[in-house]
Amino acid sequence: MRALLAAALLFAATPAFADAPATSLTLADAAKAPAGRVIVDGAAWRCEGASCTASGGTNQPAARACRRVVAKLGPVTAFSYKGEALDAQALATCNAG
C-alpha cells in the first residue's frame, strides 16, 4: 500500500509531457530532413517535411542547441528550444557555424 501511495505522489508531482516547453525547428531545405529519429544532445528529433519537433534534451542555451542541430541537420529558418525561440540575428549566427 505504501508503494502505491508513493507512486501516486510521484506521478502527481511530475509535470505532464503536454506542459513541456516547445522544442521545434523549420529546416531551410526540406529535402535534407531525416527519415527517422535523430538524437542530438539527448533530444530526439523527428521531422515531417521541413518541420521538426523534439522531446527530451540536455539543459543548455537555445543558441548552443541550435548550433549542434544545424551541424547534423543543416540550416534552419526557425528554432525554438525548450520554449526559447531564436530571433533572426541568433538564427543567422546559428546557421553560420
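A short reminder: the numbers here are calculations on the coordinates, not readings from a lab. In this text the structure is predicted, and so the values were computed from the model without any measurement. Don't worry about glycine lacking a Cβ; one is built from the backbone with ideal geometry, like all the others, and counts go over all protein chains shown.
What net charge do the residues around Lys72 carry, taking every other residue with its C-beta under 13 Å from that of Lys72, with Lys and Arg at +1 and Asp and Glu at -1?
Numbers: positive: Lys32, Arg37, Arg67, Arg68; negative: Asp41.
Value of the local net charge: +3.
Considering the options Ala78, Ala35, Thr23, tell which one lies farthest towards the positive end of the dipole of region 21-96, charges being +1 on Lys and Arg and -1 on Asp and Glu at the Cβ, about the Cα centre.
Ala35
Which far-off residues, 5 or more places away or on another chain, put their amide H under 5 Å from the one on Ala50, with H placed in the peptide plane?
Long-range HN contacts for Ala50: none found.
Which of the trypsin sites (Lys or Arg not before Pro) found in region 27-97 are in a DSSP loop and have at most 15 neighbouring Cβ atoms, other than their own, within 10 Å? Before the final figure, lay out each step's value.
Numbers: sites: Lys32, Arg37, Arg46, Arg64, Arg67, Arg68, Lys72, Lys82; in loops: Arg37, Lys82.
Answer by residue number: Arg37.
Cβ under 14 Å from Ile39's Cβ, Ile39 left aside: what net charge do those residues give with Lys, Arg +1 and Asp, Glu -1? Let's see the in-between values first.
Values: positive: Arg37, Arg46, Arg68, Lys72; negative: Asp41.
Here the count lands on +3.
Quick one: length gained pulling Ala22 to Ala92 fully straight, 0.36 nm per residue minus the C-alpha distance?
On the way: separation 70, 0.36 × 70 = 25.20 nm, distance 2.07 nm.
Full extension from Ala22 to Ala92 adds 23.1 nm.
Using θ = phi - 60° and the Karplus form 6.51 cos²θ - 1.76 cosθ + 1.60, what ³J(HN,Hα) does each residue of region 61-69 get, whole Hz, x for Gly and Pro?
Once θ is set to phi - 60°, the couplings for region 61-69 become x, 4, 4, 5, 4, 4, 4, 5, 6 Hz.
Which ³J(HN,Hα) values in Hz, rounded to whole numbers, follow from the phi angles of region 37-50 under the Karplus curve 6.51 cos²θ - 1.76 cosθ + 1.60, where θ = phi - 60° and Gly and Pro get x?
With the stated coefficients, region 37-50 comes to 7, 10, 9, 10, 6, x, 8, 8, 8, 10, 10, 10, x, 8 Hz.
Would you calculate the volume per residue, in Å³, of the smallest convex hull containing every Cα atom of region 37-96?
Working: hull volume 4.3 nm³, N = 60.
Spread over its residues, the Cα hull of region 37-96 gives 72 Å³ apiece.
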